[in-house]
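The values are calculated or read from the model by the stated rules, or taken from the named source; none is laboratory data. Computed from a prediction, not measured in an experiment: that's the story for all the values here. Glycine also receives a Cβ, built like all others from the backbone with ideal geometry; neighbour counts cover every protein chain displayed.
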Amino acid sequence: MHYNWNWGIFWQESPDGVSTYLDTLLAGLKWTLALSAGAWIMALVIGTVIGTIRTMPNKWAVRVANGYVELFRNIPLIVQMFLWYFVMPEIVPASIGGWLKSLPNASFITAFLALGFFTSSRIAVQVSAGINALPRGQKLAGTALGLTLPQTYRYVLLPMSFRIIVPALTNEFAAIIKNSSVALTIGLVELTAATYSMREFTFQTFESLTGATVIYVIISGIALLLARWLEKVIAIPGFIAAGSTNTGGH
Amino acid sequence: MFSNFDFDVIQRSWLYLFTTGMKFTLTLTVVAMIGGILFGTLLAMMRLSHSKPISFVATSYVNLIRSVPLVLVIFWFYFLVPYIGAWIVGASEPIQVGAFSSALITFILFEAAYYCEIMRSGIQSIPRGQISAGYALGMNYWQMMGNVVLPQAFRNMIPILLTQTIVLFQDVSLVYVLGSVPDFVTVASKIAQRDGRLVEMYMFVAVVYFVMSFGLSSLVKKLQLRVAIIR
């Protein structure tokens, strides 16, 4: 069995002539982090709105919100990326489609939309679970005090439920970093794609993959430490995290 | 809006898509589910072991796999399996491993980490008194696990195991990154590129996945009510 190890490869010059292969990976990491952070903010906002609607008294609103969740949960992320990248510009009016295709960072924007909507449906599920985990009396007490329904949500239910679902949300945050690697299928050179291109130039397959693996493990280690700290600061005594028992998915 | 679309491409190719691509995807899903649950259960038993080294090995494996993206794991095993194969048979050159075996090994080893966490909480949901009772009856570890704990843990966890399997069914689509594995998405995208009909084909692929995943998860919800152990 022959394999020529060369760990020094990370400090060798890459084909662009100015940076090293380590810089190639770190440039990929930047895209991974930018994509994850952007999509996370979008997912958190939309997911909170949809998750809240799913617990409202209006039956039709609940049905629409459930439909939204099912739509984005039952199509694989890679297919959703293709839909945003290849299909969306064709089914909107031609002028908008042409403008979309000519954007400078088209694959980043597409991946951002796909990942944001995909994750928003998963966050919506967690937000509704958090609201449903609260004792029924909290909502009744809120309205009995003369708060309107939106006020009850704003001042009573949402602040409580967010503190309950912190562990579930940190799981989702770890997942969004990993899922951002699917963006390589539509041409975004994030960390995994940078690894693959480093492999193609150097044929040092296992060094490249090890480099990326170490970086991913470090990021998720940092995310985990932050999450533990946040959980300690924010946990409400007596309320056990609703989402932490949900071990499925990734 | 749909005036210049040509959905004829789907009529021409749907039979091939299902008999080749979807058959591959489903076979891989089912075999990887069985292998993943078996290996995952073993990992869960190792994680809960009293022996520190055994539990450390299993915990490290699970945490490592769970912190890297599936796409990266697919690349890892795609390049690594030929070397491991050569090491096992003692060959001097990396051996050729078929697309199916390579993908299968990847998904069993990857999904096992996720099935492990499900089975671990399943095993932990069984009251400790039952374990003590098993030992008190004179059973050894394997008899106690096989006859008392695991049957109940499986039954409690069936809905979550199946939900994870639907995730696995969707994950199989990521072998697209290898380009050489004939799963549903890869086969569909090859036909789409050949005929220049990306839009129609990807819409069709999305609809097929939606109908199948939604149908399966509705079945899981129904099953959940039926298998629950009444206490």
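Numerical summary
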| quantity | calculated |
| --- | --- |
| Test: residue in the stretch A:99-106 that is over 21 Å from the mean Cα position of the chain (by Cα), closer than 19 Å to B:GLU200 by Cβ and either surrounded by fewer than 19 Cβ atoms within 10 Å (Cβ to Cβ) or modelled with pLDDT of 95 or more (or both) | yes |
| B:MET212 vs. criteria in contact (Cβ under 8 Å) with a residue 24 or more places away in the chain, under 30 Å from B:LEU161 (Cβ atoms) and buried (at least 18 other Cβ atoms within 10 Å of the Cβ) | yes |
| B:SER49 being assigned to a helix (DSSP H, G or I) and either surrounded by fewer than 20 Cβ atoms within 10 Å (Cβ to Cβ) or more than 14 Å from chain A (Cβ to nearest Cβ) (or both) | no |
| Answer from A:GLY28, A:GLY47 - the residue that is crowded, with 20+ Cβ neighbours inside 10 Å and within 14 Å of chain B (Cβ to nearest Cβ) | A:GLY28 |
| Set B:VAL97, B:VAL81, B:VAL71: member being assigned to a helix (DSSP H, G or I) and either free of Cβ contacts under 8 Å to residues at least 60 places away in the same chain or surrounded by fewer than 20 Cβ atoms within 10 Å (Cβ to Cβ) (or both) | B:VAL81 |
| Among the candidates A:THR170, A:THR195, A:THR185, A:THR119, residue that is within 10 Å of chain B (Cβ to nearest Cβ), in contact (Cβ under 8 Å) with a residue 40 or more places away in the chain and under 18 Å from the mean Cα position of the chain (by Cα) | A:THR185 |
| Of the criteria (1) more than 10 Å from chain B (Cβ to nearest Cβ); (2) touching a Gly at 6+ places or on another chain (Cβ under 9 Å); (3) at pLDDT 90 or above, which one A:GLY211 fails | (2) |
| The one condition in (1) farther than 30 Å from B:VAL205 by Cα; (2) surrounded by 15 or more Cβ atoms within 10 Å (Cβ to Cβ); (3) modelled with pLDDT under 90 that B:TRP87 fails to fulfil | (2) |
| Those helices (runs of 4 or more DSSP H) lying entirely in the stretch A:29-134 with at least 1 residues touching a helix residue (DSSP H, G or I) at 6+ places or on another chain (Cβ under 6 Å) and aromatic (Phe, Trp, Tyr) | A:59-73, A:77-82, A:106-133 |
| Residue match in the stretch B:157-176 (condition: polar (S, T, N, Q) and in contact with a Pro (Cβ under 7 Å, 6 or more places away or on another chain)) | yes |
| Filter result for B:PHE107 (surrounded by fewer than 22 Cβ atoms within 10 Å (Cβ to Cβ) and closer than 25 Å to B:PHE79 by Cβ) | no |
